[in-house]
Amino acid sequence: MSKTQFSCFYSYKGGVGRSLLLANLAFIYANQGKKVLILDLDLEAPGQQQTELFADEFAAQSSTQYNDLFNLFEDYTDVQKDKEKIRLFDPELSRYMVRSGIFERTHTKHTKSQYGSIHLLPATVKCDNHYQSKVAEWTWDTFYNDYNGAAFWHILKEKAIAAGFDKVLIDSRTGFNEVFYISSLVLADTFVCVSALNRQNVEGIQRAVETLEQR
């Protein structure tokens, strides 16, 4: 059994602190010496690239210097178009990730070696009009039916495990949709619910838990 733990962070509504909680836990885990990967699956409203963990990395470089989850999607579908190479998709995951320099910025050279690391596979590097157009044109039915999308997630999990990550923290999407099912049922070992104390949030979380219990 792999030591890599995959945890899905879910909220029924936005604005309840889900992404911030995930980022803080990533820092805590890395502070304990863990190797952490953040997977941002909130395609419509990605934000992990703007947290204090990665803001300096993205601000210091041009967005064209980084790959992201959509680049990984595109590379996968390009391979799938060639039916003779379906089994040859073997991405170097580090090409699509950004490593946080938070410990280099906040600790001395004499102490930072005891800390782990935090890596991000961002939904996007820059949430601009070009990215929003890609999201608008994206269809999960096409990805699954035409390009064997189910295999993509298994490859991604295998790559994360092979890379030696201790924790993979998945920033899921609000509501009930494809990302909810992918992140909770396909990828995650642990389902973390984040909610505000109001009826709509609590009832939504309850429905999400009941949905997962029935699967």
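Taken together, the values in this text are just the output of simple stated rules run on the coordinates, not laboratory data. Because the structure is a prediction, the values reported are computed rather than measured. Heads up, the Cβs are rebuilt from the backbone with ideal geometry, glycines too, and the neighbour counts pull from every protein chain shown.
For this structure, a couple of remarks:
- Taking only the Cα atoms of the range 156-203, the radius of gyration and Dmax are 13.3, 42 Å.
- Considering only LEU187, LEU43, LEU21, the Gaussian network model of the chain with Cα springs below 10 Å gives its largest mean-square fluctuation to LEU21.
- Listed residues PHE54, PHE191, PHE176, most fluctuating in the chain (Gaussian network, C-alpha, under 10 Å): PHE176
- Shape call, the range 134-173: gyration tensor on alpha carbons, a/c limit 1.5: oblate
- An ellipsoid equivalent to the range 122-215, defined through the eigenvalues of its Cα gyration tensor, has semi-axes of 24, 19, 15 Å when rounded to whole angstrom and sorted largest first.
- Most mobile of THR124, THR139, THR190 in a GNM of the chain (Cα contacts under 10 Å): THR139
- Under 5 Å, built H, 5+ apart or other chain: amide partners of LYS35: SER117, ASP166, LYS167
- The mean sequence separation of alpha-carbon pairs under 8 Å and at least six residues apart, normalised by the residue count of the chain, gives a relative contact order of 44 percent.
- Unit Cα scatterers, Debye sum, the chain: log10 I(q)/I(0) for q = 0.09, 0.16 Å⁻¹: -0.36, -1.17
- Check: the range 168-215 dipole with +1 on Lys, Arg Cβ and -1 on Asp, Glu Cβ, in debye: 120
- When both bridge partners sit in the chain, DSSP labels roughly 10% of those beta bridges antiparallel.
- Only helices enter this figure: runs of n ≥ 4 DSSP H residues, each worth -39500 (n - 2.57), summed and divided by the residues of the chain, yield -12000 deg cm²/dmol at 222 nm to the nearest 500.
- Among residues other than ALA23 with Cβ under 9 Å from its Cβ, the summed charge is -2 (Lys and Arg +1, Asp and Glu -1).
- Rounded to the nearest whole angstrom, the semi-axes of the ellipsoid equivalent to the range 14-73, taken from the Cα gyration tensor as √(5λ), stand at 20, 16, 12, largest first.
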